Amino acid sequence: MYRAVALMLALIAVVFITVRLAEEPVRALQKPEVRPAPEAFETAGAEGGDAAGLASDEGDLKIGNFEAPERVPDYEVLEENLDTRDGARAVRLLIDTRSREEEYFVLIARDLKSRYSDYDAVSVEFTDTGDVLFYNDDPQTKDLLVYYGGALIFNTYDGAYYLGYIYGPPNMNGYYVKAAD
């Protein structure tokens, strides 16, 4: 009987302590310190990227470096198709080049990023018309072209969203390049 009473007192003590702890007020989390955006960001179309422009609309923030590389392999724009969707201005390009390596495609993509900096997004397909007798932008000759690689160039957050990166750009370079296997 003493054991039963001791067990009941222990159970009552556990319940009493649990109830007392539950009544303790919850402490609020501290707000994190908010720092200004890094200088690498600037608003599209804004001079110098002032802080007022940064807070207004994240989609217009420029991504990456817009300087053209010093040396770029020879290339020619065969097709240029303009498109707009969800407020983003984009262009799709078909590029003719003899280059096949990803490192050369990166140089071309950086040059295109500089040339098409007014667009939110640029998608690029690399081909070589050297093996085709002629190319005149018709479906028959287009089917003869070989795909050697591609690039996605995102100049703004709206452009990254346009290209399918719904959670933000995949990197802060402003481009993604891949050579075909």
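We did not get these values from a lab; they are worked out from the coordinates using the rules stated. Not measured: the values here are computed from a predicted model. Note: ideal-geometry Cβ built from the backbone for every residue, glycine included; neighbour counts use all protein chains shown.
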Once the mean of 1/r over all distinct C-alpha pairs in region 64-179 is inverted, the Kirkwood radius in Å reads 14.4
For region 120-126, what does the Karplus curve 6.51 cos²θ - 1.76 cosθ + 1.60, with θ = phi - 60°, yield as ³J(HN,Hα) per residue in whole Hz, taken in order and with x for Gly and Pro?
6, 8, 9, 10, 10, 10, 9
Extension gain (nm, one decimal) between Asp118 and Met172, 0.36 nm per residue minus Cα-Cα:
17.7 nm
Between Glu101 and Glu76, with labels modelled 7 Å along Cα→Cβ, what's the label distance in nm to one decimal, could you check?
2.4
